[in-house]
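One structure is given here, and the rest of the page talks about it.
The values are calculated or read from the model by the stated rules, or taken from the named source; none is laboratory data. Predicted model, so just to flag it, every value in this text is computed and none were measured. When we count neighbours, we look across all protein chains shown, and the Cβ atoms used for this are built from the backbone with ideal geometry, even at glycine.
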Ligand SMILES: [Fe+2]
């Protein structure tokens, strides 16, 4: 049998700054046994030189050192945008309240008191690295959401009648996802999909988008291209792949009379079947060039009548339940 290849996991890199050779070697050994890559320096000046072209995953530094001490080193590191998020732990022989307070005021994440216990060392470092990975993931998620909001606003800003539509559709969509107990990741994609569902309207000229009165057949044909155009935009963005069904299929109807593909029933992805109900509900309850705003109760009744025609009957039941429950509170 051919042995399975082992895929090496890149080691986390720790910069260890300690002037006492014996202590530094001891700590480095503990860390290396646990598969960390340790870069050792004997003082703050050397550490800063190393950091000029190297970004560690964590810095572990003594406080009392000749020349640039641990506190000065910490202050210097935090001035550098590239290093500002690297977790920093102090090693100290001095467990006094004063040095702890000073470190805390500076925002140092934690202390390890010498002599170092191997178990403490590894558990503290593992916890810091895990925390820092979580913060990074949260930041990336936030950055994605901000990008999505900017994209969605670019469309809404042009379309005078749909101001607030995206926010409301997103709110209702998240209510549905909560009711259906969707996991966090699907909820996130629901938010992205709801915000971006009309992104393809970027191809529609302003005079058609904001036209009062009926669209000509040619204008209507162009308008109907927005799901495909939107899906094409998202297809090039790796973190938005799961939002594509919302964009491409939100104008499909349960009975097959929708567009762009005329899909029927459960051929239409669940995400789009949910969004279709919400999109129509919000469009009818707000003023548009071709109709005035209609009362919520009247529109909920209309949605009920469309169960099994335009909309998935099972989802209509959930939608009516959610709206009756949550709309009065909002
Ligand atoms: Fe649309």
What number goes with the only condition from (1) in the same structural domain as residue 212 (by TED's automatic domain parsing); (2) surrounded by fewer than 16 Cβ atoms within 10 Å (Cβ to Cβ); (3) modelled with pLDDT under 80 that residue 178 does not pass?
(3)
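Okay, residues lined up against (1) in contact with a helix residue (DSSP H, G or I) (Cβ under 7 Å, 6 or more places away or on another chain); (2) under 27 Å from residue 180 (Cα atoms); (3) assigned by TED's automatic domain parsing to the domain that holds residue 319; (4) not in a helix (DSSP H, G or I):
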position: 207; (1), (2), (3), (4): no, no, yes, no
position: 215; (1), (2), (3), (4): yes, no, yes, yes
position: 219; (1), (2), (3), (4): yes, no, yes, no
position: 232; (1), (2), (3), (4): no, no, yes, no
position: 241; (1), (2), (3), (4): no, yes, yes, no
position: 244; (1), (2), (3), (4): yes, yes, yes, no
position: 247; (1), (2), (3), (4): yes, yes, yes, no
position: 254; (1), (2), (3), (4): yes, yes, yes, yes
Per-region count, region 240-256, residues under 31 Å from the mean Cα position of the chain (by Cα) and exposed (fewer than 15 other Cβ atoms within 10 Å of the Cβ):
1
If you take the residues in region 191-238 that are more than 16 Å from the ligand (Cβ to nearest atom) and crowded, with 16+ Cβ neighbours inside 10 Å, which one is nearest to residue 263 (Cα to Cα)?
191
Selected residue (only one of 242, 272 is within 15 Å of the ligand (Cβ to nearest atom) and out of contact with any strand residue (DSSP E or B) (no Cβ under 8 Å at 6 or more places or on another chain)):
272
So residue 103 passes all but one of these: (1) part of a helix (DSSP H, G or I); (2) crowded, with 19+ Cβ neighbours inside 10 Å; (3) at pLDDT 85 or above. Which condition number does it fail?
(3)
Can you run down the residue pairs with Cβ atoms below 6 Å, 6 or more apart or on separate chains, where the first is in region 236-261 and modelled with pLDDT under 95 and the partner is more than 16 Å from the ligand (Cβ to nearest atom) and in a helix (DSSP H, G or I)?
239/144; 242/189; 243/189
Regarding residue 98, is this residue more than 37 Å from the chain's Cα centre (by Cα), modelled with pLDDT of 90 or more and either surrounded by fewer than 13 Cβ atoms within 10 Å (Cβ to Cβ) or at positive phi (or both)?
no
Does region 265-273 include one or more residues that are closer than 26 Å to residue 295 by Cβ, in contact (Cβ under 8 Å) with a residue 24 or more places away in the chain and assigned to a helix (DSSP H, G or I)?
yes
